[in-house]
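Colleague: Take this structure first; my questions come after.
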Amino acid sequence: MSDRQAVEQTVHLYVEGMAFANEAALKKAFHPKSSIIGHYENAVEWLTRDEFIAAILQEEPAPPGTQPYMDIQSVDVEGEAASVKVTDDFAGMRFTDYLSLLKIDGRWTIVSKLFHLHR
């Protein structure tokens, strides 16, 4: 598998983990020290991975068999660093996410998520 494919696989893991409230998938996709940042409910939201996962788990998961909406618009891989722009849906809202990934011990992991909530 190429690095690009492995990065996209991590993005799929993240989006599906979010859609189905899969804590294990989200923990695998995000580095323990990752940050999730964006404007939400008229305030800047700056979360740790665990705070983000806790917020995801409070929402109703998508029904089994649902195909989560995900549109990967760009992937840029340089050595052990990568950047991805992806649009996805969660809890009836559409987001564009800018994900920074780092290859650690041979595995791509999200170290930062900057998001935009579409109005």
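Colleague: When the Karplus curve 6.51 cos²θ - 1.76 cosθ + 1.60 is applied with θ = phi - 60°, which whole-Hz ³J(HN,Hα) does each residue of the stretch 15-23 get, with x for Gly and Pro?
Modeller: Per residue, the Karplus-derived 3J(HN,Hα) values read 5, 5, x, 5, 4, 9, 6, 9, 4 Hz.
Colleague: How much net charge surrounds HIS118 when only the other residues with a Cβ under 13 Å from the Cβ of HIS118 are counted, with Lys and Arg +1 and Asp and Glu -1?
Modeller: On the way: positive: ARG94, ARG119; negative: ASP71, ASP88, ASP89, ASP97.
Around HIS118, the charge tally is -2.
Colleague: Convex hull volume of the Cα atoms in the stretch 1-116, per residue, in Å³?
Modeller: Values: hull volume 11.6 nm³, N = 116.
Measuring per residue, one finds 100 Å³ for the Cα hull of the stretch 1-116.
Colleague: Averaging the inverse of every distinct alpha carbon separation and then flipping it gives the Kirkwood radius. What is it for the stretch 48-96, in angstrom units? Walk me through the numbers on the way to the answer.
Modeller: Details: mean 1/r = 0.0771 Å⁻¹.
With all distinct Cα pairs of the stretch 48-96 included, I get 13.0 Å.
Colleague: Return the single residue from ALA81, ALA19, ALA29 with maximal mean-square fluctuation; model: Gaussian network over the chain, springs between Cα atoms under 10 Å.
Modeller: Result: ALA81 has the largest fluctuation of those listed.
Colleague: Something else: Return a whole-number percent for the relative contact order of the chain, with Cα pairs under 8 Å and 6 or more residues apart as the contact set. Could you put the intermediate results ahead of the total?
Modeller: Values: 227 pairs, mean separation 31.6, N = 119.
Computed value for the chain: 27 percent relative contact order.
Colleague: With the full set of protein chains in place, find how many percent of the accessible area of the chain is carbon and sulfur; take the probe as 1.4 Å.
Modeller: On the way: 3410 of 6860 Å².
The C+S portion of the solvent-accessible surface of the chain is 50 percent.
Colleague: Compute a Gaussian network model of the chain, connecting alpha carbons closer than 10 Å, and tell me which residue from LEU101, LEU47, LEU26 fluctuates the most.
Modeller: LEU47
Colleague: How much net charge surrounds ASN22 when only other residues with a Cβ under 11 Å from its Cβ are counted (Lys, Arg +1; Asp, Glu -1)? Could the numbers behind the result be given before it?
Modeller: Working: positive: LYS27, LYS28; negative: GLU16, GLU23.
Spelling it out: positives minus negatives among the neighbours equals 0.
Colleague: Another question, then. Which loop-located trypsin sites (Lys or Arg not before Pro) does the stretch 3-61 contain, where loop means any DSSP state but H, G, I, E or B and the Cβ has at most 11 other Cβ atoms within 10 Å? Intermediate values should be presented prior to the final figure.
Modeller: On the way: sites: ARG4, LYS27, LYS28, LYS33, ARG49; in loops: none.
Qualifying residues, ordered by number: none.
Colleague: Between HIS39, HIS31, HIS12, where does the largest GNM mean-square fluctuation fall for the chain, given springs only between Cα atoms within less than 10 Å?
Modeller: Of the options given, HIS39 has the highest mean-square fluctuation.
Colleague: Dipole of the stretch 1-116 (Lys/Arg Cβ +1, Asp/Glu Cβ -1, origin at the Cα centre): which of GLY65, VAL44, ALA6 lies farthest to the positive side?
Modeller: Going by the charge dipole, the pick is ALA6.
Colleague: Around PHE20, which amide H atoms from residues at least 5 apart in sequence, or from another chain, sit under 5 Å from its own amide H, with H modelled in the peptide plane?
Modeller: Sorted by chain and number, the residues that satisfy this are ALA62.
The values are calculated or read from the model by the stated rules, or taken from the named source; none is laboratory data. The shown structure was predicted, so the numbers you read here are calculated from the model rather than taken from an experiment. When we count neighbours, we look across all protein chains shown, and the Cβ atoms used for this are built from the backbone with ideal geometry, even at glycine. Remember, those area values only see protein heavy atoms, side chains included, never the ligands or the DNA or RNA. Shrake-Rupley method; radii C 1.70, N 1.55, O 1.52, S 1.80 Å.
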